[in-house]
Structure formats: structure tokens, C-alpha cells
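Okay, structure first, notes after.
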Amino acid sequence: MEFEGKVIEILPAVTGQSARGTWERQTVVFEQPQKQYGKEIAVTFMNKAQEVASLRVGETYTVSFDIESRNYQGRWYTDVRAWRVQPMQSQPPVQDMPPFMEEPQPAYSAGAGVVDDMPF
């Protein structure tokens, strides 16, 4: 799933140790400005410190994410976990090819007063 949002807050990173090794989790809060009243979404980044470091407050990004829920001691917890963040393009995309144009025709005709100065 994806959404477009503007970064409004970057929370400090939290690190820990598990059976699989060291982990780092950081939460970034995005606002969806295209909604009528603006909706905030807290997105979790797991072990993606470089991606979070490239984010800037006030900038708009496209966030690809998964929603994960887990049960701990009878209570359910839900995370919105980002797996890719891309900056929004501020310019329209560049065309792959220029528009078709007619090939220019020479202003002279071959053999009519043309001097051939090419060597044999």
C-alpha cells in the first residue's frame, strides 16, 4: 500500500537487543494534506536509519508500507511499517522522446550546379 504525506515530526531512534541481534526502530509522523482535515500517520522504520536520515520535515514523500498486528498478553498492537520512501517529484516527468518532426529537405537538387569536392 502507498500514501503521499508531508513529514511533520521525526522521533528519536530506539535500539534494542533480540535473539536475532541488534535492532533499531524509528517513528516518523506524516500528514496527508490532501485529506479534508489532514490525517496524521505514525510510520515505523525498522533498521532503516539511512532512509530516515534522508527525510526532511516539511517535505512530501510517497511512502510504501505494510500494516502488521501482533498480540501481546491479550492486547493487540498495530504498526504501519514502511519499506520504501520516495520524494515527490516537484517537476512534471520528462518525455522519453521528443515529438515527431519532419526531416528537413535540402534546398538544392543533386546535379544542378553542385560542385562535388569529395575525393575519390
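Can you tell me how many residues within region 12-31 are surrounded by fewer than 12 Cβ atoms within 10 Å (Cβ to Cβ) and either out of contact with any strand residue (DSSP E or B) (no Cβ under 7 Å at 6 or more places or on another chain) or not in a strand (DSSP E or B) (or both)?
Residues flagged as surrounded by fewer than 12 Cβ atoms within 10 Å (Cβ to Cβ) and either out of contact with any strand residue (DSSP E or B) (no Cβ under 7 Å at 6 or more places or on another chain) or not in a strand (DSSP E or B) (or both) within region 12-31 amount to 6.
Of the conditions (1) in contact with a Phe, Trp or Tyr (Cβ under 9 Å, 6 or more places away or on another chain); (2) loosely packed, with under 13 Cβ neighbours inside 10 Å, Ile67 fails just one. Which one is it?
(1)
Could you tell me how many of the residues in region 32-76 are within 15 Å of Lys6 (Cβ to Cβ), part of a strand (DSSP E or B) and free of Cβ contacts under 8 Å to residues at least 40 places away in the same chain?
Number of matching residues: 6.
Read the figures in this text as sums done on the coordinates, not as results from a lab. The structure displayed is predicted, hence computed values, not measured ones. Because the Cβ atoms are built from the backbone with ideal geometry, glycine has one as well, and the counts that use them run over all protein chains shown.
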